[in-house]
Protein chains: 2
Amino acid sequence: MLRCNKLGLILAMLQITLVDGSGGVVFTSNYKEKPLRDGDDDPDFVHAFNGYAPAGSVSSEAGRGVVYVNYGRVEDFDKLEELGVNVSGCIAIARYGKIFRGNKLLHAQERGAKGMILFSDPGDVAQEGVADDDVYPYTWWLPGTGMQRGTTYMGSGDPLTPGWSSTANAYRLTMEDADLPKIPCQPIGYDDARVILEKMGGMAAPDEAWKGGLDGLAYNLGPELLDEYSGYTLHLDTHNTFQQYTSYNVIGTIKGEVEPDRYVLIGNHRDAWGFGASDPSSGTAQILETARVMGQLMADGWRPRRTLVFCSWGAEEYGLIGSTEWVEEHVEKLQERSVMYLNTDTCASGPILHVPGSPLLWDAITDITKMVPGVRQGPTVYDELKDYYTAMNKTSIEMTTLGSGSDYAPFSFYCGIPCLDLWFRRDKNKNEISIYPSYHTGYETFYMVDHNVDPGFRIHQGCSRLASLMLRFFADSALIPYSLEQLPKTIKEGIDSFKKNGKRDELIKIYENYALLEESIDSFIDAAKTFSQDLKNKEMGKIDPVMLRAINDQMMKLEQVFILPAGLPGRPQTRHAVFAPSQFDSYAASGFPGISDLLHNLDTLDAEERQQREKQIK
Amino acid sequence: MLRCNKLGLILAMLQITLVDGSGGVVFTSNYKEKPLRDGDDDPDFVHAFNGYAPAGSVSSEAGRGVVYVNYGRVEDFDKLEELGVNVSGCIAIARYGKIFRGNKLLHAQERGAKGMILFSDPGDVAQEGVADDDVYPYTWWLPGTGMQRGTTYMGSGDPLTPGWSSTANAYRLTMEDADLPKIPCQPIGYDDARVILEKMGGMAAPDEAWKGGLDGLAYNLGPELLDEYSGYTLHLDTHNTFQQYTSYNVIGTIKGEVEPDRYVLIGNHRDAWGFGASDPSSGTAQILETARVMGQLMADGWRPRRTLVFCSWGAEEYGLIGSTEWVEEHVEKLQERSVMYLNTDTCASGPILHVPGSPLLWDAITDITKMVPGVRQGPTVYDELKDYYTAMNKTSIEMTTLGSGSDYAPFSFYCGIPCLDLWFRRDKNKNEISIYPSYHTGYETFYMVDHNVDPGFRIHQGCSRLASLMLRFFADSALIPYSLEQLPKTIKEGIDSFKKNGKRDELIKIYENYALLEESIDSFIDAAKTFSQDLKNKEMGKIDPVMLRAINDQMMKLEQVFILPAGLPGRPQTRHAVFAPSQFDSYAASGFPGISDLLHNLDTLDAEERQQREKQIK
């Protein structure tokens, strides 16, 4: 089945130049990676740019007007303000990592910056050194011209159809009405970043946490340049064009034999920023492989109890467009019929299994890791995971809920469908990095995956095995194998986080009945326990088919109870009251995101704003 | 099962006085009806007032400042503006009828009136004369001191918990933040109205449609009084107090044998404004009688396939509080599990069956009228209905969708659950009136019902028979007996109304793709037809139980597809995109209410407002 969505995309090309006092150009930045192996170059390969950042041409003053903002987080900008470094009217330069790049740009824009440069710092992407043989193609680390491309749009889906489906004839906003970034933004590699950063003066980096890995560099904050560059100006020119493309979702189904109107879904996107060998190819492989496995089973006479849905999304990299628009079109049906959605974006980008998702799926995926051979030396993936967490001094495997950043977002945060994001990622015991180093660059090549990430493709194989078993488990089990008790327990952890970060007292001050929320969660824990016990005591064979379906229906709707129809405050597309990304970092999961976002910066508000905010919290 | 809701209520007492030039009080209005029979009086009987209208004391100037606004509709106020009669700063006096009183008060408030008086006009409530033997207790017509009480709140539910359930510990708005009327309002009878209206000067009533039935009265518009009363002032004093009460919903269930998690509901409220003999007693009788019938069947061994839910609502008269708060608390479960909701508010207030509701229920209720003996001379209720419409020169029985005004509102307009409002009402062939004359007055007595409305209680009996059969039909049919094809046909009629009223051209001008909406509805008609045909061709006995349930599930969700999660523009509690009350008369049904409300007064907007409105329409 083919589906057509029109997209709103912005493409950009850049030039960052440094001009000396006499008007001579002393530096022009690179717009693509230096080829290091045969095949690294491709005439069609996309130049480095940030999606949706507008075309623009901005310049610093002579000798001043550039500010280093660390990772561009709220706390980084707050620190600068505290230090008296004013970003307003300047070009902000931030390193990639920690949070979603769209948040970095939004924060810079909100603080009045007129442009932004994003760079990959060796401290994050070349932790074993920047010499030729420390990086690609010899290791998985990033060479100096590697540039992370990527979108900066803060919403999900086609920006011209927020909240409704971008079908061929849909009504579309004009570009002016779309909620897109307002200042130009450009990614560069660390070789080019050095040229700029080494000329910066002003205050020194306030502490080690502000210092990146560029050797011999002070990471001064600016906005002044060093005295010897007092005549220099920095120019940021991005040459964007607005273009509309048609993108396709490819949806395949294997119809369920007993309950064709119940869906177990798996999805991955096809579009890439860099050469895309891990992202999205390693995930796409899972769709193909699980479909192949199921096809083989069918040849042997098997048919799934419930319908399997294989989704290949278009335009994920421009803001989860394919999946969001499809969900917006089919939201009622999906909410009514979906048992779970399994996402396999970048399945193989490191050796460690990571499966953030709905607590309703935690026990099932844990059980399945015990059935799958390890991808390294362990007998099973489960054993490998246990060893990994033991090495971190943790007594058990840690399961987490979802942040945003891939196609499960509309399923989870808009619909409340239990989702799991299945991938193998970096080993945190070895490297504390945000994402694999070649992510979204021209060095994310097949050679990189084959030699440095997944030699022998054992991670790919492990992924497919986990995905196939998970799909079958949920498609075939008469009683849907949700871990009901995990849900309220995890909600309790979300609410307990307010105790830990001291916000609980603040909440009680704002609303005297706050403790009732905690009490309700305790009751929910008890109720889930009783319900699960009752199920365990039932003899499955004796439940009649309609009663069985009634029980499944009730469980399928459990997480959807937490969907707020009109969305979280100011975020109509994020409707999940207990598990959703933080407003200040779209990549990060947050418990009770509505409340924690409303608490943000409460103390800095004036009396009237504060009163308004407190009302929303209540 | 008892459920507790705290309510926000406002009670008022009034005094309307006319003071002559020398300061002497020449008239004080009545605050309760004159007893005409033994038992008409009761020391506890509530004084006449309008719920939620604030306490206030406002006066006209000497000799001017009172405007007669006919029924207080948008078009009435527009007419006054056209005639140059300015309501601003005046006391508006309107007759009851045509639209919901809350809209009258809101319109007056929006036009700047400082107070409002509502009166029952003999043209509406005493069409056969005002002599003693033309009215109660000799006929069903209203005597001169009969006053229609009633709420003026424009929202639904507890005004202090808009959008969430008013449970014991719920967060509540302060009174200042609640969206309540801002100007005082008071109902009076036509005897008192005459005293005021006869003194009014200014322009004469523009046409017959502005003239009520008070004999010899010109129905002058004001704002001047006649010259001989140039020294007179009119004072409106309402003495309201804000009080919180606890109200209860009483919910009884008979658990379904096969599908306990599918609900067929019947509901009626208990609270009354007047003596309440028709409203709500005649409807409450239906709950009791259907429950009794079902109980008798159970004694004979019967059990319903699906669960029957009997709902006795509290605080309907203060804005559908009991039902709204209950629905807000259980919305997910109700949307997931409800097959239909049958409302029986004022079941017996006249001889003619009237069953506005979801088109999905039209064929079923029509079939059932053929099984129930007539309540007058006809062999069946169906025959009586046919005769009634034949006398109106109509070739078939007319079915309509729902306006607001009773407890089905949250089920239908918030949840999209198919609802039917079952009642017998006035004979339009005899009298063109908005509601039975004693509605919400002190003359709505048992004697009135027993002698003038339903002698022999045959209407009550007909009501119970229809309700019981309807409940059993939906509780026991293996395949839910929805009339699927009626839904898209009726939607088409809604969209065709834009052709009839000339708005279609306007819509095409605003949005060039408007015709696609019409095309989709045509496709929907075809799809419903195909689906229904497929069902008819199936051998029911051969469908396995899970497939049967899947088919029912799909049909149950059909109307909910039209629920907009965030509600209609500016109306978060009204979420039904195709069937909902008009924003300008809460009693009236409207097809595509979102669109028609947005088209309202489009031409009077300035360019920017108009652009904004057109965007919303798109």
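Below is a table of values for the structure above.
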quantity: Selection from the stretch A:159-202 of residues that are surrounded by fewer than 17 Cβ atoms within 10 Å (Cβ to Cβ), among the hydrophobic types (A, V, I, L, M, F, W, C) and part of a loop (DSSP other than H, G, I, E, B); calculated: A:Trp164, A:Ala168, A:Leu173
quantity: Filtered residue count, the stretch A:565-580, keeping only those that are crowded, with 19+ Cβ neighbours inside 10 Å, in contact (Cβ under 8 Å) with a residue 12 or more places away in the chain and at the interface with chain B (Cβ under 9 Å from one of its Cβ atoms); calculated: 1
quantity: Test: residue in the stretch B:588-602 that is assigned by TED's automatic domain parsing to the domain that holds B:Phe524, among the hydroxyl-bearing types (Ser, Thr, Tyr), in contact with a Phe, Trp or Tyr (Cβ under 9 Å, 6 or more places away or on another chain) and under 20 Å from B:Ala515 (Cβ atoms); calculated: yes
quantity: Residue among B:Ala478, B:Ala467 that alone is within 14 Å of chain A (Cβ to nearest Cβ), surrounded by 14 or more Cβ atoms within 10 Å (Cβ to Cβ) and small (Gly, Ala, Ser); calculated: B:Ala478
quantity: Subset tally (residues that are buried (at least 24 other Cβ atoms within 10 Å of the Cβ) and in contact with a strand residue (DSSP E or B) (Cβ under 7 Å, 6 or more places away or on another chain)) for the stretch B:274-284; calculated: 4
quantity: Test for B:Phe77: is it among the aromatic types (Phe, Trp, Tyr), at pLDDT 90 or above and in contact with a helix residue (DSSP H, G or I) (Cβ under 6 Å, 6 or more places away or on another chain); calculated: yes
quantity: Count of residues meeting criterion [among the acidic types (Asp, Glu) and either touching a helix residue (DSSP H, G or I) at 6+ places or on another chain (Cβ under 8 Å) or in contact (Cβ under 8 Å) with a residue 40 or more places away in the chain (or both)] in the stretch A:181-201; calculated: 2
quantity: Residue list for the stretch B:420-469, restricted to those being over 21 Å from the mean Cα position of the chain (by Cα), within 20 Å of B:Asn343 (Cβ to Cβ) and in a loop (DSSP other than H, G, I, E, B); calculated: B:Asp454
quantity: B:Leu479 being assigned to a helix (DSSP H, G or I) and either in contact with a helix residue (DSSP H, G or I) (Cβ under 7 Å, 6 or more places away or on another chain) or among the polar types (S, T, N, Q) (or both); calculated: no
quantity: Selection count where residues are within 10 Å of another protein chain (Cβ to nearest Cβ), part of a helix (DSSP H, G or I) and either farther than 19 Å from A:Glu332 by Cβ or in contact with a strand residue (DSSP E or B) (Cβ under 8 Å, 6 or more places away or on another chain) (or both), scope the stretch A:542-564; calculated: 11
quantity: Criterion (part of a loop (DSSP other than H, G, I, E, B), under 30 Å from A:Glu176 (Cβ atoms) and of a type outside the set (Asp, Glu)) met by exactly one of A:Gly102, A:Gly97, A:Gly72; calculated: A:Gly72
quantity: Qualifying positions in the stretch B:255-292 - away from chain A (no Cβ under 14 Å), within 30 Å of A:Asp553 (Cβ to Cβ) and among the hydrophobic types (A, V, I, L, M, F, W, C); calculated: B:Val264, B:Leu265, B:Ile266, B:Ile287, B:Ala291
quantity: Options A:Ala315, A:Ala299, A:Ala348: the member that is out of contact with any Ser or Thr (no Cβ under 6 Å at 6 or more places or on another chain) and away from chain B (no Cβ under 14 Å); calculated: A:Ala299
quantity: Single condition A:Asp215 does not satisfy, out of (1) under 30 Å from A:Arg37 (Cβ atoms); (2) of a type outside the set (Val, Ile, Thr); (3) under 26 Å from the mean Cα position of the chain (by Cα); calculated: (3)
quantity: Filtered residue count, the stretch A:87-102, keeping only those that are under 18 Å from A:Gly115 (Cα atoms) and out of contact with any helix residue (DSSP H, G or I) (no Cβ under 8 Å at 6 or more places or on another chain); calculated: 7
quantity: In the stretch B:221-251, residue surrounded by the most Cβ atoms within 10 Å (Cβ to Cβ) [restricted to those that are more than 26 Å from B:Ile196 (Cβ to Cβ) and among the aliphatic types (A, V, I, L, M)]; calculated: B:Ile251
quantity: Residue, surrounded by the most Cβ atoms within 10 Å (Cβ to Cβ), within the stretch A:493-530, restricted to residues that are over 34 Å from the mean Cα position of the chain (by Cα) and within 14 Å of chain B (Cβ to nearest Cβ); calculated: A:Asn513
quantity: Qualifying positions in the stretch A:134-144 - surrounded by fewer than 22 Cβ atoms within 10 Å (Cβ to Cβ) and either hydroxyl-bearing (Ser, Thr, Tyr) or under 21 Å from the mean Cα position of the chain (by Cα) (or both); calculated: A:Tyr138, A:Thr139
quantity: Selection count, the stretch A:319-329, where residues are in contact with a helix residue (DSSP H, G or I) (Cβ under 6 Å, 6 or more places away or on another chain) and away from every other protein chain (no Cβ under 14 Å); calculated: 3
quantity: Given (1) touching a residue at least 24 places away in the same chain (Cβ under 8 Å); (2) more than 10 Å from chain B (Cβ to nearest Cβ); (3) closer than 30 Å to B:Asp544 by Cβ, index of the condition A:Glu539 fails; calculated: (1)
quantity: Unique match (being among the hydroxyl-bearing types (Ser, Thr, Tyr), farther than 28 Å from A:Lys104 by Cα and outside any strand (DSSP E or B)) among A:Ser497, A:Ser532; calculated: A:Ser532
quantity: Residue within the stretch A:402-409 that is surrounded by fewer than 24 Cβ atoms within 10 Å (Cβ to Cβ) and either at pLDDT 95 or above or among the aliphatic types (A, V, I, L, M) (or both) present; calculated: no
quantity: Number of positions in the stretch B:373-404 that are within 12 Å of B:His354 (Cβ to Cβ), among the β-branched types (Val, Ile, Thr) and not in a loop (DSSP other than H, G, I, E, B); calculated: 1
quantity: Given (1) under 30 Å from A:Phe562 (Cβ atoms); (2) of a type in the set (D, E, K, R); (3) touching a residue at least 12 places away in the same chain (Cβ under 8 Å), index of the condition B:Asp553 fails; calculated: (3)
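Residue-by-condition table, conditions (1) among the acidic types (Asp, Glu); (2) free of Cβ contacts under 8 Å to residues at least 60 places away in the same chain; (3) within 14 Å of chain B (Cβ to nearest Cβ):
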residue	(1), (2), (3)
A:Val331	no, no, yes
A:Ile365	no, no, no
A:Gly374	no, no, no
A:Tyr382	no, yes, no
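For (1) closer than 30 Å to A:Glu82 by Cβ; (2) aromatic (Phe, Trp, Tyr), each residue gets a yes or a no:
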{"site": "A:Tyr514", "(1), (2)": "no, yes"}
{"site": "A:Ser523", "(1), (2)": "no, no"}
{"site": "A:Lys542", "(1), (2)": "no, no"}
{"site": "A:Ile551", "(1), (2)": "no, no"}
{"site": "A:Phe562", "(1), (2)": "no, yes"}
{"site": "A:Pro593", "(1), (2)": "yes, no"}
{"site": "A:Leu599", "(1), (2)": "yes, no"}
{"site": "A:Glu608", "(1), (2)": "yes, no"}
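The values are calculated or read from the model by the stated rules, or taken from the named source; none is laboratory data. What you see is a predicted model, and the numbers here were worked out from it, not measured in a lab. Reconstructed Cβ throughout: ideal geometry from the backbone, glycine too, with neighbour counts over all protein chains shown.
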